[in-house]
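Laboratory data are not the source of any read-out in this text; all were calculated from the coordinates shown. Nothing here was measured: the structure is a model prediction, and the numbers come from that model. Cβ placement follows ideal geometry from the backbone for every residue including glycine, while neighbour counts extend to all protein chains displayed.
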Amino acid sequence: MPQKTQAQENDTSYFRLGGAVRFNIMYAIYEHETFPLPTENRNGVYWDVFRLDIEAMKNGIGLVFEYRFFPGFNCHFFKKGYMTYDFSSTQFLEIGITQVPFGMYPLLGNSWWFQLPYYLGYEDDYDTGVKYSWVKGRWTYDVAYFLVAEPRGVSDLSYGSFASARYSYDIIPEDGYNGNKERNQVNFRVRYQEPDKLQAGFSGEAGAVYNSNADKSTLRYALALHAEIPLSEKIDLKLQAIHYDHPKILDDSGVEEVDYVNVGAYGSGTYQMAASANVWSIGMSYFLEVNWFPIESFTFYNDYSFMNKNGAISIEGLDEPYVNSHHNILGFAITAGNVISYFDIAAGVNQPWLSDSFGGNALSSGRGESPYVPPGEDIDGDDSNGQQVNPLDTTPPLNIRFNINVGYYF
Ligand SMILES: [Ca+2]
Ligand SMILES: [Ca+2]
Ligand SMILES: [Ca+2]
């Protein structure tokens with residue numbers, strides 16, 4: 001057998017391939033009504049995602065990337081793709097499409113759904129830039145600069161623009177090309193961590209929104225306080241408060257100051273979110289280890305977020321304040337070998353994914369009394385019979401979706 005050279009002995013390079021296949025079973029009760037099983041895009045069994053992950057390392061330079069296919073949304077895109085370099089065991093660099101260091105690390109939500117900040121671009125957001133992290137005792141510091149949001153993936157244009165083919169919600173123009181876009185963002189986060197999971201931190205984010213029609217940038221910023229507190233060996237509590245604002249934000253045409261901004265993901269076009277809001281989140285989980293081969297553990301959880309918006313919509317000359325949003329996920333996860341299954345009762349008021357009008361005005365003004373038309377617009381879209389304005393629904397119903405997500409992770 002040939003002797004290994006010293007260089008081969010020292011070779012720490014590696015290449016790992018992983019991924020997941022997941023599908024969803026869902027049954028929804030939206031706006032007080034439901035449909036038979038199966039109904040396309042409502043109640044039935046759907047492919048959720050097929051994804052491939054690669055982690056590689058050579059000469060100290062690493063690569064992390066993940067590509068995702070979503071047959072149910074006719075789209076596919078990179079979730080992340082960045083290079084790593086460790087200066088030491090306490091100093092790390094990431095360059096590429098990498099996670100924005102904002103709020104709870106690594107994630108706020110316990111379920112398959114995330115918490116509400118995800119749907120606003122403030123949880124598990126990946127953008128294009130550079131991040132430097134260092135650890136000093138129990139303190140971890142992250143500083144990052146993002147030139148732009150992540151590049152677009154591939155989608156079906158009848159669902160929404162190519163720009164909306166992305167994993168994480170970002171500010172994108174309604175037509176996909178002309179209007180508001182994220183640019184020149186800086187992030188800072190400091191976290192105190194103890195080995196038994198206790199974590200507390202502060203995050204700050206500031207960036208520009210560049211409007212390509214007005215050739216003008218306006219400021220956006222966000223602040224977060226978060227804490228994860230183990231109440232016992234099995235019970236975990238997560239708390240987070242976010243304040244964000246886009247003062248002086250222009251509409252996509254670049255003409256008017258508005259109280260909302262368009263965000264999009266999953267190739268499904270854009271929806272509005274309030275330009276300014278406070279979002280409060282609380283999550284509790286209970287971990288139960290079992291010996292029921294092949295089942296290893298159950299995690300029971302409840303995640304709740306409340307979004308208190310600033311802003312108003314003008315309907316027939318009257319300024320009506322934006323209606324708040326609620327998001328609640330009650331459920332449990334089962335781990336059995338490589339299979340993780342989530343059983344969730346997802347409930348929401350003005351939650352963009354829990355509605356007959358997917359997206360819409362849920363996160364800005366709130367939905368209208370008819371969910372199919374934006375509030376303030378003609379209810380039947382027919383001018384010849386005059387204007388029957390869709391009023392803002394100030395007490396919108398609780399919408400519920402039962403969801404089972406079964407995934408094999410390799
Ligand atoms: Ca993003
Ligand atoms: Ca972003
Ligand atoms: Ca009409």
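Taking each residue as 0.36 nm, the span from residue 107 to residue 206 lengthens on full extension beyond its C-alpha to C-alpha distance by 33.6 nm. Given a cut-off of 25 Å, name the pairs among 80/131; 4/131; 181/248 whose C-alpha atoms lie farther apart than that in the structure shown. Violating the 25 Å Cα-Cα cut-off are 4/131. For a straight C-alpha distance cut-off of 20 angstrom, the aspartates and glutamates reachable from residue 58 (same-chain residues fewer than eight places away being disregarded) are 9, 11, 66, 86, 94.
Residues in the range 165-174 carry Karplus couplings, in order, of 7, 8, 7, 10, 5, 10, 6, 9, x, 4 Hz; the curve used is 6.51 cos²θ - 1.76 cosθ + 1.60 with θ = phi - 60°, and Gly or Pro positions show x. Computed about the Cα centre, the dipole magnitude for the range 133-218 is approximately 380 debye when only Lys and Arg (+1) and Asp and Glu (-1) carry charge, each at its Cβ. Between 340, 329, 46, the Cα set farthest toward the positive side of the dipole of the chain (charges on each charged residue's Cβ, about the Cα centre) is that of 340. Residue order for 63, 147, fewest other beta carbons within 10 angstrom first, comes to 147, 63. Gain on full extension, evaluated as 0.36 nm per residue between residue 306 and residue 33 minus their Cα-Cα distance, stands at 95.9 nm. Averaging 1/r over every pair of different alpha carbons in the chain and inverting the result gives a Kirkwood radius of 22.7 Å. Using only side-chain charges placed at the Cβ, +1 for Lys and Arg and -1 for Asp and Glu, the dipole size of the range 26-185 relative to its Cα centre rounds to 520 debye. For 69, 102, the sequence from fewest to most other C-beta atoms within 10 Å is 69, 102.
Comparing the range 269-410 with the 2.2 N^0.38 Å rule of thumb, its C-alpha radius of gyration ratio is 1.36 (two decimals). As a ratio to 2.2 N^0.38 Å, the alpha-carbon radius of gyration computed for the range 345-408 takes the value 1.35.
About its Cα centre, the range 24-409 has a charge dipole of approximately 1560 debye under the convention of +1 per Lys or Arg Cβ and -1 per Asp or Glu Cβ, with nothing else charged. By other beta-carbon atoms within 10 Å, ranking 116, 392 with the fewest at the front produces 392, 116.
Of all the options 88, 276, 203, the one that moves most in a Gaussian network model of the chain with Cα springs shorter than 10 angstrom is 88. Taking R0 as 41 Å, what FRET efficiency do you get between residue 229 and residue 4 from their Cβ-Cβ distance, rounded to the nearest 0.05? Once the sixth-power term is evaluated, E becomes 0.25. Using a Förster distance of 22 Å, how high is the FRET efficiency between residue 40 and residue 156, based on the Cβ-Cβ distance and rounded to 0.05? That gives a FRET efficiency of 0.90. Structure remark: mean-square fluctuation, Gaussian network model of the chain, C-alpha springs under 10 Å; the largest value among 240, 388, 193 belongs to 388. Taking 349, 154, 290 as the candidate residues, the one with maximal mean-square fluctuation in a Gaussian network model of the chain, Cα springs under 10 Å, is 290. Remark on residue 217: its backbone amide H falls under 5 Å from those of 211, a criterion applied only to residues 5 or more positions apart or on other chains, H modelled at 1.01 Å from N.
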